[in-house]
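Presented below is the structure to which this report refers.
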Amino acid sequence: MSISRRKFLGWIGAAGFGMTVGKTARAASNKHFSGYPDSMGVLYDNVLCIGCRKCEASCQKVNDLPMPPKPFEDLTVMDQNRRTDADTFLVMNKYEQVGNGRGPVFSRMGCNHCLEPACASSCFVAAYSKTKTGAVTYDASVCVGCRYCMIACPFNIPAYEYDEAFTPRIRKCTFCYPRISKGLLPGCVEICPTEALTYGKRSDLLKVARQRIQQAPDRYVDHIYGENEMGGTNWLYLSGVPFKDIGMREDLGVTPAPALTSGALGAVPIVVGLWPVLLTGIYAMSKRKEKISQQETQQAVTEALEKAQSEADSKLEQAMAKAQKEKETAIDKAVKKALEEAAKPKSEEEA
Amino acid sequence: MSSDATTAKQSLFTPFNVVAGLIVVLGLIVTGLRFTKGLGTVTNLSDYNPWGIWIGFDLLVGVALAAGGYVTSAAVYIFGFKKYHSAVRPAILTGFLGYALVVLALHYDVGQPWRLPYPFIVQPGTTSLLFEVAACVALYLTVLFLEFSPAALEWLGLQRLRKYIVRLTMVLTIFGVILSTLHQSSLGALFLIAPSKLHPLWYSSYIPIYFFITSIIAGLSMVIFEGTLSHRYFADKMDETHLQEKDDIVLGFGKAASLVLAGYLIIKIIGISADNNWHYLSTGYGVWFLVELIGFVALPSFLYAVGTRDKNLLLIKWTAVWTVLGVILNRLNVCLIAFNWQLPSSERYVPHWMEIVISVFIVTLGLIIFRFIVTRMPIFYEHPDYEGEH
Ligand code: SF4
Ligand code: SF4
Ligand code: SF4
């Protein structure tokens with residue numbers, strides 16, 4: 001079922017943009033994977049962002065998500081730090097700047113569509129796919145709901161429908177996969193009034209970003225977030241203030257998630273191959289030890305028996321000899337006595 | 001059967017039954033809520049904290065503490081320590097029950113439990129360590145079931161079937177050790193993918209090895225601990241051999257546990273040095289880490305050693321309890337306490353009381369079934385028809 005759905009989307013993609021659906025991310029293979037060459041991305045530039053929340057509203061609309069209690073025009077919502085949740089794929093957060101004379105700076109929280117996604121590599125039913133478009137998609141029809149992908153995602157993006165009793169799903173930004181497959185812009189990008197969001201080939205976006213930094217080095221931090229973070233992401237970020245000040249971690253490193261687990265996965269065949277040999281060997285040794293000790297016992301018993309036997313024999317001999325002797329003495333005595341007795345009457349007679 | 005009924009009548013309102021009964025009733029109510037209203041109603045799980053005590057305790061601790069099965073059967077059948085033979089059946093039984101309950105607990109935790117077979121029948125996600133865990137746990141549960149079945153078959157009088165299964169003992173034991181090595185370590189390896197979330201003192205590329213070795217420690221200590229409890233409550237069920245070998249087992253397993261704990265301590269220290277994490281030791285988490293390492297690894301190693309040297313059975317038994325607590329602490333640290341350590345405290349997870357109810361409910365179920373089985377099947381004694389056969 002799931003496959004046909006994917007295929008269907010794939011055909012749409014092929015018809016529209018000449019893009020086909022990528023295979024399920026086989027992220028844990030040992031081959032280095034630096035992303036599909038022509039994959040798309042979005043560059044978010046917070047120097048251009050005015051924090052109008054129009055992208056949030058658009059995301060809600062194109063994804064048919066329920067409207068939040070307070071309208072998107074209400075900017076006081078941004079006074080609180082928020083995160084993505086089951087009904088929100090995109091969150092704009094506001095960070096007040098103290099001491100540098102600047103107004104507030106904004107930051108986007110949403111799926112970064114990693115080149116080698118932790119979520120995809122961690123899912124034990126392969127519910128996620130890294131498509132050739134760059135979008136990381138999720139197939140709710142196979143998801144078991146173990147939530148390991150939420151543990152794995154370094155950006156804390158996937159959210160879960162905890163209040164759904166029977167068919168809870170993981171929820172996250174789809175990169176507007178249905179739209180971009182049809183050649184449309186992602187909802188958030190389309191509506192952005194300041195072009196703080198730019199959609200394009202990832203490789204082109206990297207160039208654009210570099211250019212912007214070069215042209216206004218005093219306005220930008222010299223770093224493109226997402227170029228290498230966790231092995232790289234399809235969404236890229238430019239910022240006027242250090243990334244750690246707008247809630248983005250700078251300590252994630254450049255190792256893609258699958259590389260973190262490949263060692264442990266690689267140990268499986270070793271254990272499966274070596275353990276039986278080792279264990280059988282140990283078993284054989286302990287069996288042999290047991291056998292030897294059994295043999296030793298056996299031998300000891302035999303020896304003991306033999307010894308006992310010979311002892312018994314010699315005793316018997318002695319006893320026999322003794323008996324013989326006793327017998328002899330007895331005879332001697334008897335003879336002597338008989339002789340004496342025989343002599344007695346004689347003497348009596350004599351007397 | 002009629003005699004069963006009378007004993008049941010006599011012992012219906014024992015303290016154990018009353019408490020267990022209450023827990024079961026409460027557990028069933030929460031179960032109803034969980035499956036009609038969803039996870040959100042009965043848990044404090046959140047988008048930041050997708051795993052709570054049903055994973056941290058029921059899965060991670062459950063699997064570690066059920067390690068007695070493979071540790072004991074390996075010691076007896078593979079390493080040839082025949083004098084511990086009477087420990088095998090109780091250990092296999094607790095292992096089997098432990099794993100069965102782990103699987104039961106998972107049905108509460110995952111969002112759509114009826115899809116638990118999906119990774120095997122619909123679409124395998126072989127890049128996931130969770131896939132390895134799931135596959136090994138499923139297979140090992142089967143192995144434990146087979147290893148346990150001779151006792152049930154003796155009870156049922158199915159001699160022929162029993163004979164075939166007993167012949168498999170060696171194969172099952174080796175298979176069990178392989179599967180246990182794999183999933184005990186993979187449970188630790190689950191966290192390899194989240195270096196940015198688990199505190200560096202607990203995160204290590206050695207974590208699969210740590211989990212595997214602590215499972216041996218847990219297994220050895222649990223055998224001592226359960227043996228002590230069982231002797232207290234089921235002594236009347238035990239035969240001559242069992243009673244005779246009992247102290248030997250405590251001494252032997254205590255000595256082994258002391259050595260393994262010492263080895264574990266060493267590789268833990270190597271782990272800190274390898275990642276050069278010494279500077280974290282002066283932080284709050286560092287102190288907590290030292291509590292675990294010194295209080296629950298170094299100390300029990302020492303106490304076990306003293307206990308075996310002086311043949312102090314009481315000391316060894318208490319050390320076993322302490323060590324088991326240490327393993328529980330370790331699993332909770334990795335999964336819950338040192339996990340998400342960088343989040344503000346308002347975003348951290350504290351279990352909902354109903355989550356605790358379910359965990360307690362599941363442990364209670366285990367005790368009830370354990371009691372049912374040992375009072376009926378030849379676990380603590382050899383069945384007269386099969387004596388001295390093993
Ligand atoms: S940001 Fe998280 S959810 Fe999005 S692709 Fe990366 S790992 Fe997956
Ligand atoms: S919650 Fe669903 S999508 Fe996430 S890892 Fe588990 S099965 Fe895969
Ligand atoms: S790409 Fe689509 S789903 Fe993602 S944040 Fe933008 S509008 Fe929302």
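What follows draws every value from the coordinates through simple rules; no lab data is involved. Given the structure is predicted, the values throughout are model-derived calculations rather than measurements. Note: ideal-geometry Cβ built from the backbone for every residue, glycine included; neighbour counts use all protein chains shown.
Quick check on the protein assembly as shown: of the DSSP beta bridges with both residues there, what percent are antiparallel, nearest 5%?
Antiparallel bridges make up about 85 percent of those DSSP assigns within the protein assembly as shown.
Counting Lys +1, Arg +1, Asp -1, Glu -1, what net charge surrounds B:Leu59 among other residues with beta carbon under 12 Å of its beta carbon?
-1
Kindly provide the Kirkwood hydrodynamic radius of the protein assembly as shown in Å, to one decimal, from all pairs of distinct alpha carbon atoms. Show your work: numbers first, answer last.
Working: mean 1/r = 0.0333 Å⁻¹.
So the Kirkwood estimate lands at 30.1 Å.
So what's the net charge close to B:Gln184: Lys and Arg +1, Asp and Glu -1, counting the other residues with Cβ under 12 Å from its Cβ?
Residues close to B:Gln184 contribute a combined charge of 0.
Quote to one decimal, in nm, the extra length available between A:Met320 and A:Val98 on full extension: 0.36 nm per residue of separation minus the C-alpha distance between them.
Full extension from A:Met320 to A:Val98 adds 68.1 nm.
With no solvent and one equal point scatterer per Cα, compute the Debye intensity ratio I(q)/I(0) for chain A at 0.06, 0.14 Å⁻¹ and report its log10, rounded to two decimals.
Ignoring solvent entirely, the Cα scatterers give -0.38, -1.17.
Go through the range A:183-234 and name the trypsin sites (Lys or Arg not before Pro) that are in a DSSP coil and have 15 or fewer other Cβ atoms within 10 Å of their Cβ.
Filter output for the range A:183-234: A:Arg219.
Helix B:313-332 sits at what angle to the longest principal axis of chain B, using alpha carbons and giving 0 to 90 degrees rounded to 10?
The two axes meet at around 40 degrees.
What number comes out for the charge environment of B:Arg34, summing +1 per Lys or Arg and -1 per Asp or Glu over other residues with Cβ under 14 Å away?
The answer is -4.
Pick out, in residue order, every one of the trypsin sites (Lys or Arg not before Pro) in the range B:240-349 that is DSSP loop and has at most 13 other C-beta atoms within 10 Å; say none if there are none.
Of the trypsin sites (Lys or Arg not before Pro), the ones in loops of the range B:240-349 whose Cβ has at most 13 other Cβ atoms within 10 Å are B:Lys311.
Please enumerate, by chain and number, the lysines with C-alpha under 24 Å from the C-alpha of A:Lys54, excluding those fewer than 8 residues away in the same chain.
A:Lys70, A:Lys94, A:Lys172, A:Lys182, A:Lys201
Treating the angle as unsigned and between 0 and 90°, give the value, to the nearest 10°, between the Cα long axis of helix B:15-37 and the longest Cα principal axis of chain B.
50
Taking the alpha-carbon distance from B:Lys246 and a cut-off under 23 Å, which lysines remain once sequence neighbours fewer than 8 residues away in the same chain are dropped?
Those lysines meeting the cut-off are B:Lys82, B:Lys83, B:Lys237, B:Lys255, B:Lys311, B:Lys317.
Based on the alpha carbons, how large is the Rg to Rh ratio for the range A:203-298 when Rh follows Kirkwood?
With Rg and the Kirkwood Rh in hand, the quotient comes to 1.56.
I'd like the per residue volume of the convex hull spanned by the Cα atoms of chain B, given in cubic angstrom.
With only Cα atoms used, chain B gives 157 Å³ per residue.
Using only Cα atoms, find the angle between the long axis of helix B:207-234 and the longest principal axis of chain B, and express it within 0 to 90 degrees, rounded to the nearest 10.
With both axes taken from Cα atoms, the answer is about 40 degrees.
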